[in-house]
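One structure is given here, and the rest of the page talks about it.
The values are calculated or read from the model by the stated rules, or taken from the named source; none is laboratory data. As the structure is a prediction and not an experimental result, all values here were calculated from the model. Don't worry about glycine lacking a Cβ; one is built from the backbone with ideal geometry, like all the others, and counts go over all protein chains shown.
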Amino acid sequence: MKGNARRVLAVAAAAVTAFSMAACGSTSGSGSGSSSSGGSASSGTANKDKPVCWYNRQPSNSSTGELDMTALNFNKDTYYVGFDANQGAELQGTMVLDYIKAHKDEIDRNGDGVIGYVLAIGDIGHNDSIARTRGVRKALGTAVEKDGAIDSAPIGTNTDGSATDVQDGEIEGLKVRELASQEMKNSAGATWDAATAGNTIGTWASSFGDQIDIVVSNNDGMGMSMFNAWSKDNKVPTFGYDANSDAVAAIAEGYGGTISQHADVQAYLTLRVLRNALDGVDIDTGIGTADDAGNVLSDDVYKYVADERSYYALNVAVTADNYQDFTDATKTYEPVSNQLDASAHPSKKVWLDIYNAADNFLSSTYQPLLQNYDDLLNLDVEYVGGDGQTESNITNRLGNPGAYDAFAINMVKTDNASSYTSILSQ
Ligand code: BGC
């Protein structure tokens, strides 16, 4: 609510300074052909030298997780913005573990001495998804090592505990078993697919019934789909990740908990690094060092890893104890909510894509935040929504990079950075 009010004010202020109303941004849906740019970039800078911010999907090898340093160093104004996947994964695992310990006496629904959980996996080639699977298995004692790291492969089903990618764990005398896990990919290839998760929980429930004591998901989109389809009625605690508003609200109805990846800080950083590069100021401006409007972040909400050219927001667990503080996921982060002056920071055009216009987290939390911050930072952002499956669906709409001053890129596949940089290098 507050975020909306602030946005209205920001737009009004922008209108007074004759700032283009197009700054509210527009979303071109998937499959809508080439984006119309309506204007041109304000500088004569070559496309290859324009600021680039990779966000949410870090350029990396989807099999090994190795960072794509060529993409991260595309030019001197290239950065990545995401969140600390390992810290968040550990928090998610600990949140589930703490819940089990606190409800030890009533959690085993069929009293067979085994706490059974099922796990919805987002994308087996996505660093964040891999980290979350590992974090949960590690905390619950079900992890096994493979090639020097925790095995994050989906197991299919594991009725009798014989799966080799996991093992049975033990928590305070109770056995813990991963009964089933699966990558939630739909038939067209879209990952983190909530509808697939909603269907799968039905299949799992008919195979395992009251052996399922806990449902865990790599994100809230899939978690809420399973909660609404099955676990809410069956009173089975379900844990997700992202702290989307609907998931936070569901905590009051029995959703077990979620993790805030501080999307309010990430969305700010995504646009802020571009703003700083366009202003030609130190990259830390408005981040670790207050800017001329007083925007600044404290180091308990983010970290910068210079070698990786990456900003990572820090995560916070959201449970029945504190969910009241997280009810509006689209509200800007107070310490960085001050409007920049339009004469000192004139309007610039930014091309920004979202890999899948139907992605729950990106469309319901991240994009509304970006739309609040673009006004505050005087950035005129063109939002392009992909289909979540094919990179070309998005790159086809980057036909006129000369029309933009900067780019924020969310890839379908983390290996595909060169599909974008090759366009900017032409
Ligand atoms: C979010 C997921 C989302 C994914 C998209 C992750 O950080 O937790 O909900 O689907 O990003 O890349």
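Couple of notes before you dig in:
A quick yes/no check of all residues on (1) part of a loop (DSSP other than H, G, I, E, B); (2) crowded, with 18+ Cβ neighbours inside 10 Å; (3) within 16 Å of the ligand (Cβ to nearest atom):
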site: PHE74; (1), (2), (3): yes, yes, no
site: VAL81; (1), (2), (3): no, yes, yes
site: THR94; (1), (2), (3): no, no, no
site: ARG109; (1), (2), (3): yes, no, no
site: ARG134; (1), (2), (3): no, yes, yes
site: ALA139; (1), (2), (3): no, yes, no
site: ALA153; (1), (2), (3): yes, no, no
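- Of all residues in region 207-244 being among the small types (Gly, Ala, Ser) and surrounded by fewer than 21 Cβ atoms within 10 Å (Cβ to Cβ), the one that is nearest to LEU314 (Cα to Cα): ALA229
- Considering ALA190, ALA247, ALA180, the condition of being crowded, with 24+ Cβ neighbours inside 10 Å and within 13 Å of the ligand (Cβ to nearest atom) is satisfied by ALA247 alone.
- Selection within region 180-198 - free of Cβ contacts under 8 Å to residues at least 40 places away in the same chain and part of a loop (DSSP other than H, G, I, E, B): ASN186, SER187, ASP193
- All conditions but one from (1) within 14 Å of the ligand (Cβ to nearest atom); (2) part of a helix (DSSP H, G or I); (3) farther than 22 Å from GLY288 by Cβ apply to ASP353; the one that does not is (2).
- When THR285 is tested against (1) of a type in the set (Ser, Thr, Tyr); (2) under 16 Å from CYS53 (Cβ atoms); (3) touching a Gly at 6+ places or on another chain (Cβ under 6 Å), just one condition goes unmet, and that condition is (3).
- Top-ranked residue of region 394-421 - restricted to ones that are among the aliphatic types (A, V, I, L, M) and more than 14 Å from the ligand (Cβ to nearest atom), ranked as nearest to LYS76 (Cα to Cα): ALA406
- Members of region 261-315 that are hydrophobic (A, V, I, L, M, F, W, C) and touching a His at 6+ places or on another chain (Cβ under 7 Å): VAL301, ALA313, LEU314
- Residues satisfying the stated conditions in region 155-169, i.e. surrounded by 13 or more Cβ atoms within 10 Å (Cβ to Cβ) and at pLDDT 95 or above: ILE155, THR157, ASN158, GLY161, ALA163, ASP165, VAL166, GLN167, ASP168, GLY169
- Residue list for region 250-276, restricted to those being of a type in the set (Val, Ile, Thr) and buried (at least 24 other Cβ atoms within 10 Å of the Cβ): THR258, ILE259, VAL265, THR270, VAL273
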